[in-house]
Every structure is written in structure tokens, then in C-alpha cells.
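The values are calculated or read from the model by the stated rules, or taken from the named source; none is laboratory data. These numbers were taken from a predicted model, which means no experiment stands behind them. Quick reminder, even Gly has a Cβ in these numbers, built from the backbone with ideal geometry, and neighbours come from all protein chains shown.
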Amino acid sequence: KPYACHSCDYRAAHLARLRTHLMTHTGDKPYACDSCDYRTGKRCHLERHMMTHSGEKPYACNICDYRATQAGNLRVHMRTHTRTHSGEKPYACDSCGYRAKQLRYLKDHMRTHTGGKPYSCNSCDYRAGSRSDLNKHMRTHTVEKPHISGQELPC
């Protein structure tokens with residue numbers, strides 16, 4: 001690679017790549033968003049950022065209605081479908097052997113060992129250890145009551 005950075009050991013095969021790399025040392029960010037104060041050194045990063053303003057999400061899941069702005073986010077999403085159907089549970093608790101399909105489920109589980117309750121109700125002082133417990137609690141502040149099978153509901 002004939003083009004070398006004078007500030008570090010980076011080398012590039014093309015001068016344009018070296019110029020882009022040099023911006024990491026100078027802090028130069030020539031690409032600016034017209035809608036907000038976002039600036040970047042790479043045009044492709046600005047193009048991806050612009051999707052946050054347009055709402056464009058070109059990467060679509062072929063199983064559900066999920067859409068993403070980046071191919072990598074869609075790949076991560078697709079793992080949720082694979083694990084749902086395969087039963088794969090790659091995330092394991094070191095304390096008790098509990099296994100989870102998704103990292104967020106393991107994080108929720110870990111609170112059973114620490115006693116943490118990070119989810120708080122914005123209508124009262126209630127705190128919950130999981131999102132689902134908070135959602136159940138939130139129904140106590142509304143007219144919406146969960147229907148329990150086998151119970152008669154008043155008209």
C-alpha cells in the first residue's frame with residue numbers, strides 16, 4: 001500500500017482513502033446535515049444520517065413488518081426470528097444457568113440476583129424489575145383491565 005499516514009501506521013492503496021483517514025487526526029468534518037447540526041467526515045455516514053430525518057428504512061424483514069436504515073440492524077433483527085423458531089438460547093446466566101434468546105431477556109433475569117428495579121412508573125412511586133411488569137402495573141392507572149379467562153365481565 002503506497003500511501004502512508006504521517007501520524008500513525010495506517011497505509012492505504014488509494015490516495016482518496018488516505019485523505020479520508022487523515023480527517024480522523026484533523027477532526028475535519030466536511031459533510032454537514034442541512035436539517036440539524038450533525039457533521040461527519042464521510043459522505044456515506046451523512047447519507048445514512050439523513051434517513052433519520054426522512055424516515056426512510058430501505059431494509060425490510062421478509063417475515064414481519066420490521067424495517068431498518070442499515071443492513072446490519074436487519075441482520076441482528078433476523079436473529080430474533082431464527083431463535084424463536086429454533087429454540088436457540090445463546091445468552092447464559094453465570095449465576096444459575098438460566099438461558100435466554102435475547103440479551104435483553106438475560107439482563108432482565110440478572111436483576112433477580114441483584115434485586116434491581118430500574119423501571120419506574122411516571123404516575124406513582126411503583127418500580128419494576130422488568131418492562132413487562134411495569135406494563136402490567138400501568139394498566140392500574142387506566143380503565144384498561146386485562147381479561148382473565150373464565151371470568152364474567154360486567155356489561
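The table that follows gives values for the structure above.
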{"item": "First in the range 23-38 and within 24 Å of residue 7 (Cβ to Cβ), second anywhere and part of a loop (DSSP other than H, G, I, E, B), Cβ under 6 Å, 6 or more apart", "result": "23/41; 25/7; 29/41"}
{"item": "Meets criteria (among the hydroxyl-bearing types (Ser, Thr, Tyr) and under 25 Å from residue 100 (Cβ atoms)) for residue 66", "result": "yes"}
{"item": "Residue match in the range 38-52 (condition: out of contact with any helix residue (DSSP H, G or I) (no Cβ under 6 Å at 6 or more places or on another chain), part of a loop (DSSP other than H, G, I, E, B) and in the same structural domain as residue 21 (by TED's automatic domain parsing))", "result": "yes"}
